[in-house]
Amino acid sequence: MTALPYDDTVEQIQEDEARLTQEIVARMAAAQARNAERHRHAHRDAHAKSHAIVKGTLAVHANLPPELAQGIFSQPREYEVVARLSSAPGDIHSDEAPAPRGFAIKVMGVQGERLLPGLGGHNQDFLMVNFPVLAFGTVQDYPRFLTLLEANADAPQALQRAVAAAARGIENVVERLGGTPGATVQGLAQKNTNMLGETFHTQAAIRFGNYVAKLSLAPWGELQGLNEQPIGEGFSAMRDALTSHFAKQGATYELRAQLQTDRAAMPVEDASVLWDEKASPHRAIATLRFDIQNPYSPERQVYGDDHLAFNPWNGVAAHRPLGSIMRVRRPAYESSTAQRHRLNALPRREPGSLADIPD
Ligand code: HEM
């Protein structure tokens, strides 16, 4: 199947989108303010708990075919990268409760027209989670997810059940559409294993130069099988597992693009629809490499949690986020980042290179 060219008609503004967007951002900001009041410190409104902040490199593969040599991947070159590995809830809970895991990467020093020049810097962020789809994948569905979170905000155990319910939501959505739910989705509610072995996904689509794609990050070499390894006990068991991993060895991932080859079966407006890998496989575009390091020194943690911000809209026009769930993320991340930097009295500054990230 051939990749379909990008044009502006891949996106359609949804019914009531402006009002729903406002409602979502306001409800998330209120939850974040409540948490900040309780902790006397502001965290992210989602993915509040980090497990590692790692420095690495992203090497774009040489001789990519023209449909993959797009945007920041158009030339074989090596970029510096900082990544923050996290759990999805908007508050700090024990790692003994399974949760969706996040993997955000900031590719530094990219060229191209910026989506939001006001953010400053020359970086491209890609934010990924360890499922291929987002259960509440439209601006109309997302408020239901917030209701689930709000109802369980004060009870981590109940929150765990809410997360499990969300996972079932994902399965239902996938099953309704005739797809096969992936092992990660099926295992979400019970599995609590080393996140380094997971495969991470943008879930929603992005512009991929002249095309449209979803990206994924797949573990390589020594990481394969780690997603079967339980992380053990302890409030910060994931951080401990990641810190002991990076004390002894590095980590390699393959960054891959799944190009849109069918507008109807691979929509951009509903991020709950799984794009069939048989119709369009995930194809390697770059190698992400992290060497041995201390991923959680006090300096690293404070920088990663309080100073650093990741945002799917922090990037170039060639990789513009697409679809209603991506459009709502534009004000949502701005609101969360602005509020936490304001409450923590910290300036907002994009790193210029790895030299800005403490060891
Ligand atoms: C499309 C699927 C999504 C993915 C893959 C995703 C992934 C992530 C990741 C990995 C982070 C942590 C970034 C970090 O380490 O700093 C994050 C943070 C966040 N996410 Fe999402 N997310 C998704 C959808 C959404 C939606 C729909 C909303 C809201 C409507 C949202 C709101 C946020 C907020 C507010 C933050 C914290 C931003 C900050 O203060 O720095 N996300 N997301």
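A few points about this structure:
- Sorting the segments 34-44, 71-81 by their mean number of nearby beta carbons within 10 angstrom, highest to lowest, gives 71-81, 34-44.
- Across the stretch 266-280, computed HN-Hα scalar couplings (Karplus, 6.51 cos²θ - 1.76 cosθ + 1.60, θ = phi - 60°) run 10, x, 9, 7, 10, 6, 8, 8, 6, 7, 5, 5, 6, 6, 8 Hz from first to last residue, x flagging Gly and Pro.
- Net charge contributed by nearby residues that have their C-beta within less than 15 Å of ALA213 (K/R +1, D/E -1): -1
- Counting Lys and Arg as +1 and Asp and Glu as -1 over every other residue whose Cβ lies under 11 Å from the Cβ of ILE357, the net charge comes to 0.
- Given their separation in residues at 0.36 nm each and the Cα-Cα distance between them, ASP16 and ALA59 gain 11.3 nm when the chain is fully extended.
- Among the GluC sites (Glu not before Pro) within the stretch 198-243, those in coil by DSSP and having at most 15 neighbouring Cβ atoms inside 10 Å are GLU233.
- Descending by average beta-carbon neighbour count within 10 Å, the peptides 246-254, 309-317 line up as 309-317, 246-254, the highest first.
- If a spin label sat at a point 7 angstrom from the Cα of ALA151 along the line to its beta carbon, the backbone N atoms of the stretch 59-89 nearer than 19 Å would be those of 89.
- Using the alpha carbons alone, the radius of gyration of the stretch 43-157 stands to its Kirkwood radius in an Rg to Rh ratio of 1.04.
- Alpha carbon Rg of the stretch 1-89, scaled by the compact-globule rule 2.2 N^0.38 Å: 1.64
- Solvent-accessible heavy-atom area per residue, rounded to whole Å², over the chain at 1.4 Å: 42
- Amide H contacts for ALA52 (H built 1.01 Å from N in the peptide plane; partners 5 or more residues away or on another chain; cut-off under 5 Å): LEU85.
- Only helices enter the 222 nm calculation for the chain: every DSSP H run of n ≥ 4 contributes -39,500 (n - 2.57), and dividing by all residues gives -8500 deg cm²/dmol, rounded to 500.
- Counting 0.36 nm for each residue step from ALA338 to HIS41 and taking away their Cα separation leaves a gain of 105.6 nm.
- The portion of the accessible surface of the chain made up by carbon and sulfur, rounded to a whole percent, is 52 (1.4 Å probe; DNA, RNA and ligands excluded).
- Estimated at 0.36 nm per residue, the fully extended path between ARG34 and GLN224 surpasses their Cα-Cα distance by 64.5 nm.
- Rounded to whole Hz, the Karplus (6.51, -1.76, 1.60) HN-Hα couplings of the stretch 281-295, x for glycine and proline: x, 6, 10, 5, 10, 7, 10, 9, 10, 10, 8, 4, 6, 9, x
- The chain - Kirkwood radius from inverse mean 1/r over Cα pairs (Å): 20.5
- In terms of packing, defined here as the mean over residues of other Cβ atoms within 10 angstrom, the peptides 83-92, 276-285 line up highest first as 83-92, 276-285.
The values are calculated or read from the model by the stated rules, or taken from the named source; none is laboratory data. As the structure is a prediction and not an experimental result, all values here were calculated from the model. Heads up, the Cβs are rebuilt from the backbone with ideal geometry, glycines too, and the neighbour counts pull from every protein chain shown. Each accessible area value is taken on the protein alone, full model and side chains, heavy atoms only, with ligands, DNA and RNA left out. Shrake-Rupley method; radii C 1.70, N 1.55, O 1.52, S 1.80 Å.
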